[in-house]
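The values are calculated or read from the model by the stated rules, or taken from the named source; none is laboratory data. Keep in mind it's a predicted model, so treat the numbers as computed, not measured. Here Cβ is always computed from backbone atoms with ideal geometry, including for glycine, and neighbour counts include all displayed protein chains. For accessibility, only protein heavy atoms count, side chains too; no ligands or nucleic acids. Shrake-Rupley method; radii C 1.70, N 1.55, O 1.52, S 1.80 Å.
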Amino acid sequence: YGNDNTWILDALKEVGPTRSRGVVSFDPETIDSQTLRQWHELGVRGVRLNLRSTGKVLEREEIQSVLRKYAENLRPLQTWSIGLYADMAMLDHVQPLVEELGVKIVLEHFGSPASLPLDPEREPGWDALRKMMEDPRVFAKISAPYIFSKDPDFKDLELLVKSLLSMRNGEGVVFASDWPHTQSKGYDAKPFEEKCMKWCDGNEQLKNNLFRGNARRLWDI
């Protein structure tokens with residue numbers, strides 16, 4: 001729906017901010033601080049910049065300019081994040097800005113690798129992702145494996161997920177079901193959820209971080 005946030009805002013009004021959080025879309029050139037404050041009171045805690053679904057590729061100066069504009073709007077709110085859904089290769093342009101932006105950043109859908117299984121030596125943007133994940137304001141969301149993998153056992157995702165979980169003692173990775181699965185009708189997230197628990201190798205703290213604690217920190221709960 002582009003920048004029309006009607007449905008998510010109506011849902012937040014119905015459920016209430018003690019039980020829900022929302023992420024919106026807006027034009028950083030035209031949004032006003034009063035609107036952002038109103039949304040914050042409803043439970044909104046982030047904006048999403050979706051470049052991958054639209055196939056939009058931004059050059060270094062373009063993506064950096066856009067991120068600066070979003071961050072300028074978000075910094076006064078203190079707890080909001082920028083959700084970035086873009087090819088991992090673009091993180092080469094994003095990583096140098098992390099400290100300057102001063103806001104949380106969410107790398108959507110595993111950071112959006114170019115290919116699987118992960119080859120750290122050849123994956124464009126992987127080194128930038130690793131550096132970004134050293135910052136406590138950066139999170140990676142693992143969700144919608146069907147975007148990248150057709151393997152029902154998720155073997156081609158294992159190295160990528162375990163690598164993410166090894167960063168920052170697992171305090172920067174958030175599981176998401178990707179419901180309502182707009183790109184894969186009828187998808188059941190349960191098998192992937194169970195596989196993620198297995199990849200935690202019996203580490204209960206890591207499980208708690210992945211499925212609860214990290215989300216609480218990210219979404220200001």
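Suppose each label sits 7 Å from its Cα in the direction of the beta carbon; what would the Ile221-Arg137 distance come out to in nanometres?
2.3 nm
So if each residue of separation counts as 0.36 nm, and I subtract the Cα-Cα distance between Asn3 and Ala89, what length gain in nm does that give?
Values: separation 86, 0.36 × 86 = 30.96 nm, distance 2.56 nm.
Gain in length upon complete extension: 28.4 nm.
At what distance in nm do the modelled label points of Asp201 and Lys155 sit from each other, each positioned 7 Å from its Cα along Cα→Cβ?
2.0 nm
Need the C-alpha centroid separation for region 183-215 versus region 108-142, integer Å.
So the two Cα centres are separated by 18 Å.
Spin-label point model (7 Å from Cα, Cβ direction): what's the Asp10 to Glu41 distance in nm?
Calculated label separation equals 2.1 nm.
Determine the share of the chain's accessible area contributed by carbon and sulfur atoms, expressed in whole percent, with a 1.4 angstrom probe.
On the way: 5370 of 11670 Å².
Roughly 46 percent of what the probe reaches on the chain is carbon or sulfur.
Mind checking the per residue accessible area of the chain for me, 1.4 Å probe, whole number of Å²? It would help to have the intermediate numbers written out before the result.
Numbers: 11670 Å² over 221 residues.
About 53 Å² of surface per residue is accessible.
Could the peptides 179-185, 17-23, 137-143 be put in order, highest first, of the mean number of other beta-carbon atoms found within 10 Å of their residues? It would help to have the intermediate numbers written out before the result.
Values: 179-185: 10.1, 17-23: 14.7, 137-143: 22.1.
Final packing ranking: 137-143, 17-23, 179-185.
Rank by packing, highest mean first: peptides 44-55, 29-40, with packing defined as the count of other Cβ atoms within 10 Å averaged across residues. Don't skip to the end; give the middle numbers.
On the way: 44-55: 17.1, 29-40: 13.2.
Highest mean packing first, the order is 44-55, 29-40.
Once the piece of chain linking Arg75 and Glu62 is laid out straight, how much longer is it, given 0.36 nm per residue of separation minus the C-alpha distance between them?
Full extension from Arg75 to Glu62 adds 2.7 nm.
Between Ser115 and Lys162, what FRET efficiency follows from the Cβ-Cβ distance if R0 is 22 Å, with the result rounded to 0.05?
Rounded to the nearest 0.05, the efficiency is 0.80.
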